[in-house]
Amino acid sequence: MLDLVVEDERKWQLTDSGTTYANSVDPSNPWTVNEIQAGVLRDRLSGGRAELADDVRIALQSVHDLTAGWSNDDLGRALAAYAKTDQWQADRTFESQGARYRELLIESGFINRTGELTEQGVSFLEGQASVWWVNQGATYTKERDGGFLWAPMLNKAGRPQYHWETMDEVREGDVVLHYSNGALRAASHVSAAARPAPNPLDDKSWDEAGRLVETQYQELNEPVALGAIDEGARIRQGSPFTSTGSVQQVYLVGLQGEFVYELCRQFPELAGHLPSVTLPVPVPTSEAPTPDEFFHDFAVAVEVSGLRFPAGSNLVRSFLSSLLAKPFAILTGLAGSGKTQLAMRLGEWFGTDEHGRHRHVVVPVRPDWTGPESIFGYEDALRTSASGAPVWFVPEAFEFVLRAADDPEHPYLLILDEMNLAHVERYFSDFLSGVESRRPVLPDLVFDRPSRQWVLRDVEAQRIPLPRNLFIVGTVNVDETTYMFSPKVLDRAFTFEFRVTSDELDAELRRPNAAQAGEDRRVRAFASLAENDNWQQEHPHPARDEIVSTLKEAHVILAGASQEFGHRSLYEILRFCAFFSATGNADSNTVLDLAMMQKVLPKIHGSRRRVEPVLAALDALAVGAGPAPRLPITHHKLVRMIEAVRANQFVSFAE
């Protein structure tokens with residue numbers, strides 16, 4: 001009756017809440033309800049999902065109306081009066097019933113031992129709104145436009161489904177969070193409880209009879225990707241999530257207070273729609289993988305594969321940290337120096353999906369890529385589908401992006417090889433816009449297996465955002481057959497330069513092998529951390545203030561040539577520094593040196609008259625006051641750029 005156990009084929013099984021309750025029992029004092037267990041009871045009763053919820057509300061209202069110092073007999077008689085029952089005749093029955101409800105109210109934290117309402121008890125009486133999670137998929141657009149939720153009474157086998165029957169528990173004023181295509185798209189406020197209604201979706205897949213809830217949708221300015229929601233919170237919530245935190249195939253599920261609190265804490269826009277939640281007592285759980293753990297895992301995989309980079313270069317650590325900070329990196333430099341190989345090792349570490357397909361793909365860029373259709377496809381007017389939905393031509397890159405959207409928990413890596421063989425701005429503008437705005441830029445397509453065609457999921461459907469779990473790495477070789485990158489592109493990426501010295505050439509070097517796939521839990525943690533926009537604020541680099549001070553000095557110097565950076569670059573550099581430190585290297589000069597090389601110097605380009613003073617001033621900043629350069633990588637690069645601008649009267653980052 002408290003929703004801690006369920007009966008299944010004459011056997012009792014713990015629910016997710018029951019498991020949390022049982023795991024929190026103190027073996028030395030098993031009959032005392034602790035704060036964690038009280039929180040579980042309050043959550044089940046407050047959500048209205050426990051059978052005893054209405055009775056507890058009556059009991060609590062009775063306590064509220066009784067005078068101070070009330071007895072168990074007083075409570076029992078008040079309960080009988082509220083319930084309008086005369087089945088309790090004997091005085092001892094009133095005493096017994098009153099004692100039972102009193103103890104339940106105390107154990108739930110709604111009243112204290114003296115019989116006074118607690119803060120939680122007052123909130124319970126005020127009828128705090130419940131919060132629901134609904135999985136809508138292809139029905140999202142129609143239900144949003146119609147302002148409703150709808151679920152059938154029975155499935156095709158004539159059986160009810162618990163996640164449809166929850167429609168009857170939704171009340172006016174409740175809040176619904178709408179999940180579709182890998183992200184929370186909207187929040188809505190219920191305006192009318194469930195009523196019987198025929199199928200309004202024009203979809204013969206469902207029975208005609210069903211329930212309809214009227215609700216007022218408000219789409220989020222920025223959809224919340226599944227991976228951005230704390231994985232531990234998803235696992236503790238249980239349904240609608242699996243034991244690994246992925247989304248189950250269910251329709252409507254009530255959310256626990258702890259999970260709602262986590263959403264409020266992580267996402268300010270969502271918090272504006274959700275009811276206030278009392279800070280829950282944290283439930284002990286195993287720690288999620290940390291950056292240093294999956295960095296070590298990936299670094300070992302790279303080393304075992306036979307791929308080698310100069311000792312002390314921090315290239316692998318820096319590469320991984322940069323993608324955590326921003327899902328777009330450009331690898332430039334000498335041909336055959338390991339650019340594509342490093343990107344492929346990361347893709348191999350991401351592993352394969354449930355169908356055995358790699359979570360990475362290498363797409364060679366062609367010189368004839370003159371528009372976004374080269375990556376994102378186009379509507380094929382020469383073909384039609386049986387349903388009448390538009391048919392699309394979907395190139396390999398776009399098919400991969402759609403796969404990433406269907407698997408939001410895991411990271412996917414798109415490698416654009418020789419990405420400057422065509423004008424990047426012409427074929428990549430949609431991505432550059434979508435990665436910053438997070439606005440919908442992609443058509444919502446689904447593969448129709450009978451016709452083997454890609455069609456719109458819904459003719460009326462709008463576009464979907466770029467998957468937050470999609471990472472892009474572009475490799476670049478600079479010669480007379482390639483195009484230069486504009487500052488707009490470089491400003492949106494972390495840029496790496498690959499060089500090989502004579503001493504590093506090794507006759508014993510062999511072709512690298514494929515890397516071992518990473519542990520699934522660590523791979524998922526990589527995607528989750530990359531989607532957490534505030535991680536660097538909770539885990540800043542120990543020397544953040546010193547780093548910011550130096551970056552401000554560089555900003556002043558760059559302003560002299562009108563090539564200074566903006567807020568976005570500073571934000572991404574600080575994220576990079578935080579992740580770099582978390583992988584195991586907290587030296588401030590090392591991370592600042594790499595950040596300058598990857599985010600500041602790529603912006604510099606122009607004639608000698610314009611940029612040589614800037615390069616000289618930045619070099620003085622990089623050298624510092626010590627006997628050795630403070631930022632050696634930046635210093636050596638600036639020396640080469642100064643030599644180049646003096647010889648050619650023009651310079652850019654790519655040599």
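The values are calculated or read from the model by the stated rules, or taken from the named source; none is laboratory data. Keep in mind that this is a model prediction, so the values were computed, not measured. Neighbour counts are summed over all protein chains in view; Cβ atoms, including those assigned to glycine, are modelled from backbone coordinates with ideal geometry.
Some observations on this one:
- Of all residues in the stretch 422-440, those being crowded, with 24+ Cβ neighbours inside 10 Å and touching a helix residue (DSSP H, G or I) at 6+ places or on another chain (Cβ under 6 Å) number 1.
- Flag for Leu558 being surrounded by 14 or more Cβ atoms within 10 Å (Cβ to Cβ), more than 17 Å from Pro327 (Cα to Cα) and within 29 Å of the chain's Cα centre (by Cα): no
- Subset of the stretch 28-44 (residues that are surrounded by 11 or more Cβ atoms within 10 Å (Cβ to Cβ) and assigned to a loop (DSSP other than H, G, I, E, B)): Val33, Asn34
- Complete set of residues in the stretch 134-167 that are touching a Lys or Arg at 6+ places or on another chain (Cβ under 9 Å) and closer than 19 Å to Asp444 by Cα: Gln136, Gly137, Ala138, Tyr140, Thr141, Arg144
- Test for Thr166: is it under 30 Å from Phe110 (Cβ atoms), in contact with a strand residue (DSSP E or B) (Cβ under 7 Å, 6 or more places away or on another chain) and not in a helix (DSSP H, G or I): no
- Filter result (in contact (Cβ under 8 Å) with a residue 40 or more places away in the chain, buried (at least 21 other Cβ atoms within 10 Å of the Cβ), under 25 Å from Gln341 (Cβ atoms) and of a type in the set (A, V, I, L, M, F, W, C)) within the stretch 399-421: Val401, Ala404, Leu413, Leu414, Ile415, Leu416, Met419
- The stretch 197-249, subset without any contact (Cβ under 8 Å) to a residue 40 or more places away in the chain and outside any loop (DSSP other than H, G, I, E, B), residue farthest from Asn181 (Cα to Cα): Pro198
- Taking the stretch 502-518 as the range and being in contact (Cβ under 8 Å) with a residue 12 or more places away in the chain and either within 30 Å of Glu425 (Cα to Cα) or part of a loop (DSSP other than H, G, I, E, B) (or both) as the test, the residues that pass are Asp506, Leu509, Arg510, Arg511, Pro512, Asn513, Ala514, Ala515, Gln516, Ala517, Gly518.
- Within the stretch 622-645, residues that are under 16 Å from Asp587 (Cα atoms) reach partners that are small (Gly, Ala, Ser) and in a loop (DSSP other than H, G, I, E, B) with beta carbons closer than 9 Å, at six or more positions or on different chains, in the pairs Arg630/Gly624; Leu631/Gly624; Ile633/Ser313.
- Some residue of the stretch 484-494 being surrounded by 14 or more Cβ atoms within 10 Å (Cβ to Cβ), closer than 22 Å to Thr583 by Cβ and either in contact with a strand residue (DSSP E or B) (Cβ under 6 Å, 6 or more places away or on another chain) or not assigned by TED's automatic domain parsing to the domain that holds Val302 (or both): yes
- For the stretch 519-538, the condition of being free of Cβ contacts under 8 Å to residues at least 24 places away in the same chain, outside the structural domain of Pro408 (by TED's automatic domain parsing), over 30 Å from Thr244 (Cα atoms) and in a helix (DSSP H, G or I) holds for none of the residues.
- For the stretch 416-429, the count of residues that are among the small types (Gly, Ala, Ser) and within 20 Å of Val365 (Cα to Cα) is nonzero.
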